[in-house]
Amino acid sequence: MARPGLNRRQLLSAVGGLTVAGSLGFAALGTGADALASGASTRVRYWNLFTGGDGANMVAMVDAFRKEHPGVAVKDSTLTWGDPYYTKLAMAAAGNRAPDLSVMHQGRVPGFAPGRLLDPWDMGLLTKYGVREADFNPVLWKRGIVDGKLYALPLDIHVQLSFYRKDVCRKAGLLDADGRLPTATSTDDWFALLKAARKQLKDGQQTLGLHAFDQNFSWWFFVAFYQQLGGGYFDDDRTDVTFDTDKATQVLEFLHQHVADGYTVVGQTDAEAFLAGSPFVWEGNWSVPYFSGEKVDYGAQPLPPVFGTPATHAESHSFVLPHQADRGGAANEGAHLLAAYMVKHATAWAGGGHVPAYLPTFQDPAYLKLTPQNEYSRPAMEHPATEPRIWFAGSTGTLAKRIGPVVASSNVGSAKPAAAAHRMKSVLEELLATRNPMDGRTAAQELKGTAA
Amino acid sequence: MTTTLAPATGLRPRTATATESARARWGRRFQHGGWFVTPFFVLYGLFVVVPVVRGLYLSLTDANISGDHTRFIGLDNYREAFRDHLVWNSLWHSVQFTLYVVPCIVVVALLMALIAHHITHLKWLWRLCFFAPFLLPSAVVGNLWWWLFQPTNGMVNHVLGIDTPWLTQKSTAMIAVVVATLWWTVGFSFLLYLAALQNIPHHLYEAAELDGANALQRVLHITVPNLRTITGLVLALQVLASLQVFDQAVVMYQFGPGPEESTRTFVQYTLEQGFTSYRVGYASAISFILFLIIAAVALGRMWLLRLREEDAR
């Protein structure tokens, strides 16, 4: 009987050899082969979540860094924002396979177990690379500090904006002498603007893109208007929910009225509708490069202060050091260098629509010339409305997941605003009593530093 | 080696030689087939048995995603799960989905198979059209139907001449997921039915025709009874798969729980607990609850089949 030229043992060892070679190959890809190939001595693995209009901007900045620092090879990875990003980051840090540097929303820092999943910044290294606390927005800098250590180096503040098309608003006679939209300071003012703009539209076009059914946007818009009414969430001791259901109802009624009166079409793709001729859209400032690229004549303001006090929803991108058991050495220093470069080159970053956390940028003529950034940057930074600083809050966190859908139900009219407000309060009560799975303590215990 | 020829009746005395010969027999059998099944057993052990045992252990702890500070807490997670209204709520959504989708799949797959079986012209095209959606990834299907169900510019409303907000109202949200799933997965059951149809002896139809049975009577009295076994299989496979519904709903509702949280399925809630709230222990416990439910369904089916076989004897 003819035998094949390869017996079982040979076959197994050949397959085994291939597997080993393959895994070495992959390992090499992940540990420094490309750094060696580029002739660089240090390799920095950097994860970020910028996939929108700001994504290309970040890639360009990393390329600029590479040119200036040929000794540091940056291996950057862009991952999908939201759950997928934070899950991967947490698991990488837990499994000791964390990148050297990554981006995180500041609101997620308290829940991301500083000290366990995150390492603190080395202030000596940051100073060496020219990062000084005095150059940063003090509110943002302080939000990055946990137990006296800096865990989140602020890059920017990003806000929800009210974008308006100048062509439609001009036809409706809404713009002032400078070609800007006057700020609406009451709900009546605001709906009068919408009503006037609607007259210019064709059938089927919506007046305002509101993301009425999106759980994240719904929650963010709520946060902004609720703060305009001066509403709070928890007492200082984090033992009681101080959520004001009357104020919340007022906000929910306001949001729902856009749908009820037909200014917003639920389910319409908001940004695309804006480009196609809708006069208003409420979107994050990361849409600036997208809209600008389409050559639309538009302006952008913070969300209108319809309840009197200006406030628009804000979060902040910051740089963090995911936990590595053996953090230190050249890669760690490279991570500090890269982060310092990014935060200081804030004018380039602001091109992506975000408001820089680095204050000297506001003296940079190139930055001041950016439109529509110069229309919204200062007022947005002066009146940020942020989620409560608590372990379950932050971009796409547990709070947004639980409470966002309740706001969305009210927006689209399937739940009454007052009922939704009570529902929101009970969710807050439930979450406040829940223990943080990372350390087994409730928010109150964490605040007081007591053990479980 | 005469022992191997002795019938394995179980009546033979258990002597040392018998044990030895059994071992020898096993050894030779293993030589023949063992090496072929070993990779399966190794992979099954590594990727099924080990994770299941580990998951069971985790479900008895308060493990978080970092794996630090894990304490053994006994049945606390299960106690909490029984009080957690979102567990019951999301379980109901998975069951509701199953109740809607399974009968639809059986009926539509059978109809499609009958069409593809009887049609003579462009047979391959029909088969391709019916089966092709099954090859798409769930993300594609979710996004596709998200577009189709859009209220103002979606094709569904355009074709029907209505303006139903399918995805954003509670009453139609689950129906939208069911329709997308039906379109996506019915091709698999269609194939099973098509194969089974080809096995029904043709003379039965000829005899019925001679006896004056019309087309509908032939389908009802010959085709459907002859497909009973395959219908049982389709039902079982679809129930087991539908209880685990997850990806298409998550994509269509962009990781949200749907209008008034009406499409949050059990697997989605498990994911939220494990990977948004980082409660790995609790997520393991609730996934074990689903495991037990699915195992009960599978065992129940086996028991029914056995009863039926005994009846047949």
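The values are calculated or read from the model by the stated rules, or taken from the named source; none is laboratory data. It should be emphasised that the depicted structure is a prediction, and the values quoted were computed from it without experimental measurement. Cβ: placed from backbone, ideal geometry, glycine included. Neighbour counts: every protein chain shown. Note: areas computed on protein heavy atoms with side chains; ligands, DNA, RNA excluded. Shrake-Rupley method; radii C 1.70, N 1.55, O 1.52, S 1.80 Å.
For the protein assembly as shown, give the magnitude of the charge dipole about the Cα centre (Cβ charges: +1 Lys/Arg, -1 Asp/Glu; no others), in debye to the nearest 20.
Value, rounded to 20: 2860 debye.
Given springs between every Cα pair under 10 Å in a Gaussian network model of chain B, which of B:28, B:301, B:218 has the largest fluctuation?
Maximum fluctuation in the GNM of chain B, among the listed residues, is at B:28.
Which trypsin sites (Lys or Arg not before Pro) in the stretch A:349-452 pass both tests, a DSSP loop state and at most 11 other beta-carbon atoms within 10 Å?
A:369
Given that compact globular proteins tend to follow 2.2 N^0.38 Å, what is the ratio of the alpha-carbon Rg of the stretch A:142-258 to that value?
1.38
Ordering B:124, A:47 from largest to smallest accessible area (1.4 angstrom probe), what's the sequence?
From most accessible down to least: B:124, A:47.
Shielding of B:65-72 by partners, i.e. mean partner chain Cβ atoms within 10 Å per residue?
5
Taking only the C-alpha atoms, wrap a convex hull around the protein assembly as shown and report its volume per residue in Å³ as a whole number.
Expressed per residue, the convex hull around the Cα atoms of the protein assembly as shown is 252 Å³.
Within 10 Å of each Cβ in peptide B:250-260, how many partner chain Cβ atoms are there on average? Round it to a whole number, please.
5
On a C-alpha basis, how far is the centre of the stretch A:262-280 from the centre of the stretch B:153-222 in Å? Whole number, if you could?
Going from one Cα centre to the other spans 37 Å.
Which whole-Hz ³J(HN,Hα) couplings does the stretch A:213-229 yield from phi under the Karplus relation 6.51 cos²θ - 1.76 cosθ + 1.60, θ = phi - 60°, glycine and proline marked x?
So the J values, rounded to whole Hz, are 9, 8, 5, 6, 4, 4, 5, 4, 5, 4, 3, 5, 6, 5, 5, 4, 8.
Any idea how far apart residue B:299 and residue B:312 come out in nm if each label point goes 7 Å out from Cα toward Cβ?
Taking the simple label geometry, residue B:299 and residue B:312 are separated by 2.4 nm.
Between the stretch A:105-120 and the stretch A:193-217, how many Å separate their Cα centres?
The stretch A:105-120 and the stretch A:193-217 have Cα centres separated by 38 Å.
Ignoring solvent entirely, what values of log10 I(q)/I(0) come out of the Debye formula for chain B at 0.08, 0.11 Å⁻¹ when each Cα is a single scatterer?
Log10 I(q)/I(0), no solvent term: -0.57, -0.95.
Among the aspartates and glutamates, which fall within straight-line cross-link reach of residue A:142, defined as a Cα-Cα distance under 12 Å, with same-chain neighbours fewer than 8 residues apart omitted?
Candidates past the 8-residue exclusion: A:133.
Just want the answer: with Cβ charges of +1 for Lys and Arg and -1 for Asp and Glu, which residue in A:258, A:213, A:286 is farthest toward the dipole's positive end in the stretch A:207-307?
A:286
Which pairs, out of A:195/A:247; A:401/B:170; A:401/A:448; A:88/A:247; A:425/B:170; A:425/A:448, put more than 29 Å between their alpha-carbon atoms?
Listed pairs above 29 Å: A:88/A:247.
Could you order peptides B:37-49, A:192-204 by the average number of other Cβ atoms within 10 Å of their residues, highest first?
Highest mean packing first, the order is A:192-204, B:37-49.
Take peptide A:430-443, look around each residue's Cβ out to 10 angstrom, count Cβ atoms belonging to other protein chains, and average those counts.
Mean shielding by partner chains, rounded to a whole number: 3.
Between residue A:374 and residue A:236, what FRET efficiency follows from the Cβ-Cβ distance if R0 is 41 Å, with the result rounded to 0.05?
0.65
Within the set of other residues whose C-beta is less than 11 Å from the C-beta of residue A:116, count the net charge using Lys and Arg as +1 and Asp and Glu as -1.
Within the 11 Å Cβ shell, the charges total -3.
Local charge sum around residue B:301 (other residues, Cβ-Cβ under 13 Å, Lys/Arg +1, Asp/Glu -1)?
After counting each charged neighbour, the total is +1.
For residue B:114, what charge total do you get from the other residues with a beta carbon under 15 Å from its beta carbon, if Lys and Arg give +1 and Asp and Glu give -1?
That works out to +3.
Dividing the alpha-carbon Rg of the stretch B:152-276 by 2.2 N^0.38 Å yields what?
With N residues counted in the stretch B:152-276, Rg over 2.2 N^0.38 Å equals 1.49.
When only alpha-carbon atoms are used, what values of Rg and Dmax, in angstrom, describe the stretch B:16-140?
Radius of gyration, then largest Cα-Cα span, for the stretch B:16-140: 25.2, 68 Å.
Give the interface area between chains B and A as buried accessible surface, both sides summed, probe 1.4 Å, in Å² to the nearest 100.
Roughly 2600 Å².
Can you bin every Cα-Cα distance in chain A into 20 Å intervals starting at zero and give me the percent of pairs per bin, rounded to whole numbers?
Percent of pairs per bin, in order: 23, 51, 21, 4, 0.
Using a simple charge model, +1 on the beta-carbon of Lys and Arg, -1 on the beta-carbon of Asp and Glu, nothing else, what dipole does the stretch B:110-255 show about its Cα centre, in debye to the nearest 20?
It comes to approximately 140 debye.
Computed FRET efficiency, Cβ-Cβ of residue B:211 and residue B:104, R0 35 Å: what is it to the nearest 0.05?
So the FRET efficiency works out to roughly 0.60.
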